[in-house]
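As structure tokens, the structure follows; a few thoughts come after it.
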Amino acid sequence: AVITAVLMIIRSCSPKTADNLINQSTDMFGMMSDMWHSPGGVVLWSLSGLAVASFARYRKQLQGHWVPWLFLGGIMLVLFIINLLSTGIGFISRDLTNALVHYQANDVYRLLLIYGGGVPLP
């Protein structure tokens, strides 16, 4: 969801750059955009909303026990970030390997910049 929000901000500032990032559905950004705009994305958003609503509804029962829940949320956030980084590196290395195999120099340099610097360039 965070990457989708960043892509929406990029699209509002520079539509051409965003279209270049999401140009192919085989790229990581294209696959994520397709996922969030599919029925599966609606299910994930609905389940997330249900979780937030349940915590809001039962917040009075959690008043004395908020520290363990905060730790659990922090651990889950760290696990999510590690999973996101691992998945992103896997997609980038796959795209880099494909660009090398097909002798696409422009894509190789763009992906090396993303892989090395973490900056998506058009």
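Nothing in this text is a laboratory measurement; each read-out follows from the coordinates by a stated rule. Given the structure is predicted, the values throughout are model-derived calculations rather than measurements. Note that each Cβ is placed from the backbone with ideal geometry, even for glycine, and that neighbours are counted across all protein chains shown.
In terms of packing, defined here as the mean over residues of other Cβ atoms within 10 angstrom, the peptides 54-62, 36-44 line up highest first as 36-44, 54-62. Here the spin labels are modelled as points 7 Å beyond Cα on the Cα-Cβ line, and at TYR103 and SER14 they lie 3.0 nm apart.
Would you kindly state how much longer the chain becomes between LEU72 and LEU113 on full extension, computed as 0.36 nm times their sequence separation minus their alpha carbon distance, in nm to one decimal? All intermediate terms of the calculation are to be shown ahead of the outcome.
Details: separation 41, 0.36 × 41 = 14.76 nm, distance 3.51 nm.
Additional length available on full extension: 11.3 nm.
So, R0 is 30 Å and r is the distance between the beta-carbons of ALA56 and LEU79; what FRET efficiency does that work out to, to 0.05?
About 0.80, to the nearest 0.05.
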